[in-house]
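One structure is given here, and the rest of the page talks about it.
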């Protein structure tokens, strides 16, 4: 039986629909799955703090939120430092261990990334700091020595303080991605926190981060 023009048109339309459906299905199957966007990061690290009268290691934890395609990062961190505080007695080879120097630190830093890179970041940032400071400094020492050279007695007067200090932190950071979710970073900066000796605190640190 000869095919009419209407029948041929219907068959061609049906074939076209089948081909289109198969093409769409194939495209949907073959489309790669994009990795999720990890916009948060948890970091652990250690800072070398150079205070006016003491130096020591501050251990810290940090939570950071990455915004605007990683160009802006807002990070909050907490840290702890506990260092020895010896007093050298003049004239005799003796050292008295004073009360340890303690810092409990909280810092909020907003930074901007100057590199348009998926694997590297170079940031400069600043923000407020709130530190608990426990200090002790010697005001006066006097010692009595026995005839054989041994120490008979020590008179020691100290000034102690415990206070909450508010200041400013300024940090420069370089971070290198080790994988899709891990990164190694180094940072240098200062904190304008008032200590018993006054002045600024230098910061030099290393961090390891994991994206969430």
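The values are calculated or read from the model by the stated rules, or taken from the named source; none is laboratory data. Quick caveat, the model's predicted, so the values are computed rather than measured. Cβ: placed from backbone, ideal geometry, glycine included. Neighbour counts: every protein chain shown.
Pull up the stretch 125-145, narrow it to residues that are over 34 Å from the mean Cα position of the chain (by Cα) and surrounded by 11 or more Cβ atoms within 10 Å (Cβ to Cβ), then point me to the one that is nearest to residue 174 (Cα to Cα).
141
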Hey, does the stretch 79-88 have a residue that's in a strand (DSSP E or B), surrounded by 14 or more Cβ atoms within 10 Å (Cβ to Cβ) and within 11 Å of the chain's Cα centre (by Cα)? yes
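One line per residue, one yes/no per condition, for (1) under 12 Å from the mean Cα position of the chain (by Cα); (2) outside any strand (DSSP E or B); (3) in contact (Cβ under 8 Å) with a residue 60 or more places away in the chain:
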position	(1), (2), (3)
147	no, yes, no
153	no, no, no
156	no, no, yes
160	no, no, yes
170	no, no, no
186	yes, no, no
202	no, no, yes
208	yes, no, yes
Against the definition (modelled with pLDDT of 80 or more, in a loop (DSSP other than H, G, I, E, B), surrounded by 14 or more Cβ atoms within 10 Å (Cβ to Cβ) and in contact with a strand residue (DSSP E or B) (Cβ under 8 Å, 6 or more places away or on another chain)), how does residue 193 come out, yes or no? yes
The lone exception for residue 114 - which of (1) loosely packed, with under 14 Cβ neighbours inside 10 Å; (2) in contact with a strand residue (DSSP E or B) (Cβ under 7 Å, 6 or more places away or on another chain); (3) at pLDDT below 90 it fails: (3)
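Here is a yes/no grid of residues against (1) more than 30 Å from residue 153 (Cβ to Cβ); (2) at pLDDT 90 or above; (3) over 37 Å from the mean Cα position of the chain (by Cα):
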{"position": "23", "(1), (2), (3)": "yes, no, yes"}
{"position": "39", "(1), (2), (3)": "yes, yes, no"}
{"position": "42", "(1), (2), (3)": "yes, yes, no"}
{"position": "45", "(1), (2), (3)": "yes, yes, no"}
{"position": "61", "(1), (2), (3)": "yes, yes, no"}
{"position": "71", "(1), (2), (3)": "yes, yes, no"}
{"position": "74", "(1), (2), (3)": "yes, yes, no"}
{"position": "99", "(1), (2), (3)": "no, no, no"}
What number of residues within the stretch 144-164 satisfy the criterion of being at positive phi and at pLDDT 80 or above? 0
